[in-house]
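For reference, the structure discussed in these notes is given below.
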Amino acid sequence: MEEKEFIYKEAVAELESIVRKMESDSCDIDSLSAYTRRALELLKLCKERLRVTNDDVVKCLQELKEQLSLPE
C-alpha cells in the first residue's frame, strides 16, 4: 500500500482477509509473523487516517459554527 495512494477501504478489506487467514486451520506458524506485521502496519495507517479525518471534520464543524454565529 505504500507505493500507491492509501485507501482506507482497501486497508480494512486487507485486514479482514488477514484475520480470516489467521483464523483458518491452514495458517502455518511461518506465515503468522508476516500476517501480524502486515496487520500492524495497516492498523497504524488506518488509525492515522481516522485521526486526520476526525481533525478535518472538527475543523469544518468549527468553521460552520463560526459562519452561523454571525452578529445580528
### Query
If you place +1 on the Cβ of every Lys and Arg, -1 on the Cβ of every Asp and Glu, and leave all else neutral, what size is the dipole of the chain about its Cα centre, to the nearest 20 Debye?
120 debye
### Volume of the Cα convex hull of the chain, divided per residue and given in Å³
90 Å³
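Computed from the coordinates by the stated procedures, all read-outs in this text should not be read as laboratory data. Since the model is a prediction, treat every value here as computed from it, not as a measurement. Cβ coordinates were reconstructed from backbone atoms using ideal geometry, including for glycine residues, and neighbour counts include every protein chain displayed.
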